[in-house]
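S.K.: Below is the structure I would like to discuss, written out as structure tokens.
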Amino acid sequence: MKAVLIACFALCALTAVADPAERLVERLTGYRSFSSGFVQETEAPDGRLLDARVGRFDVGGPRLFSWETESPFAQRIVADGDALWVYDPDLAQVTVRPLDEAMLDSPLTVLASDAEALRARYTVSRVVLEVGERFILEPIARDQMVSVIDLVFREDALMSLGVKDGLGQSTQIKLTETQPLAATTEFEFVVPEGVDLIDGR
């Protein structure tokens, strides 16, 4: 009887970690709201480095985030809960569009998704690494701009978020100095004076 109980517990434990979507959601529990620096590199399908940027982003929930990159590729992106604002200082231009439309193909939606939502949109697989885990998400719908999203954890820490598009171009975002979101953080965008506003709402 004891052997049977041990076998049942072992089977339950295997089942608990067998669902990659559930495991990913468990891993992301501490990342519903946070702040982090990042280094972003974009490569062509042949491995050539196309772009490298440094910046910082804040996540305040499923519909709240800000993303800012430093010069020479300065840009600020803010999701305020209803709209997505993109400010390009070099162009003196602000573009705004409905958040639901803008976030449809964004990998940032993964951070706030539950297991059911992940399974509805992605085929999720899990790879056990020497000191962590890697999760690979492939959209079920074939008409998506993003073909693969991958998240890498080292122990309990989210280390990187990778995205590959339908043309094979890949972007890797490595997180640095991750910390809890400051209570004073605001997700609001005010259009600077003297810039063009392209309003797509």
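The values are calculated or read from the model by the stated rules, or taken from the named source; none is laboratory data. Predicted model, so just to flag it, every value in this text is computed and none were measured. Ideal geometry is used to build each Cβ from the backbone, glycine not excepted, and the neighbour counts take in all protein chains shown.
S.K.: Residue pairs, Cβ under 7 Å, 6 or more apart or interchain, first in region 161-174 and surrounded by fewer than 16 Cβ atoms within 10 Å (Cβ to Cβ), second in a strand (DSSP E or B) and among the aliphatic types (A, V, I, L, M). List them.
M.R.: Qualifying pairs under 7 Å: Lys174/Val39; Lys174/Met159.
S.K.: If I filter region 135-160 down to residues being over 15 Å from the mean Cα position of the chain (by Cα) and over 21 Å from Pro45 (Cα atoms), which single residue comes out as surrounded by the most Cβ atoms within 10 Å (Cβ to Cβ)?
M.R.: Arg154
S.K.: When both residues are 6+ apart or on different chains and their Cβ atoms are under 8 Å apart, which pairs have a first residue that lies in region 122-144 and is over 18 Å from Met159 (Cα atoms) and small (Gly, Ala, Ser), and a second that is at pLDDT below 95 and outside any strand (DSSP E or B)?
M.R.: Ala141/Arg121
S.K.: Can I ask one more? Contact list please: Cβ distance under 7 Å, first residue in region 86-108 and over 11 Å from Val191 (Cα atoms), second residue surrounded by fewer than 17 Cβ atoms within 10 Å (Cβ to Cβ) and among the hydroxyl-bearing types (Ser, Thr, Tyr), pairs at least six apart or on different chains.
M.R.: Every condition considered, the pairs that remain are Met103/Thr109.
S.K.: Condition first: at positive phi and among the small types (Gly, Ala, Ser). Now tell me which residues in region 146-201 satisfy that.
M.R.: Gly168, Gly194
S.K.: Also: Residue by residue through region 116-134, note down the ones that are exposed (fewer than 15 other Cβ atoms within 10 Å of the Cβ) and of a type in the set (Ser, Thr, Tyr).
M.R.: Correct list: Thr123, Ser125.
S.K.: What's the total number of residues in region 34-68 that are surrounded by 17 or more Cβ atoms within 10 Å (Cβ to Cβ), touching a residue at least 60 places away in the same chain (Cβ under 8 Å) and within 17 Å of Thr185 (Cβ to Cβ)?
M.R.: 10
S.K.: Report, by residue number, each residue of region 116-138 that is in contact with a Ser or Thr (Cβ under 6 Å, 6 or more places away or on another chain) and modelled with pLDDT of 95 or more.
M.R.: Listed by number, the list holds a single entry, Ile136.
S.K.: In the list Ser71, Ser113, Ser106, which residue meets the criterion of being of a type in the set (S, T, N, Q), modelled with pLDDT under 90 and surrounded by 19 or more Cβ atoms within 10 Å (Cβ to Cβ)?
M.R.: Ser113
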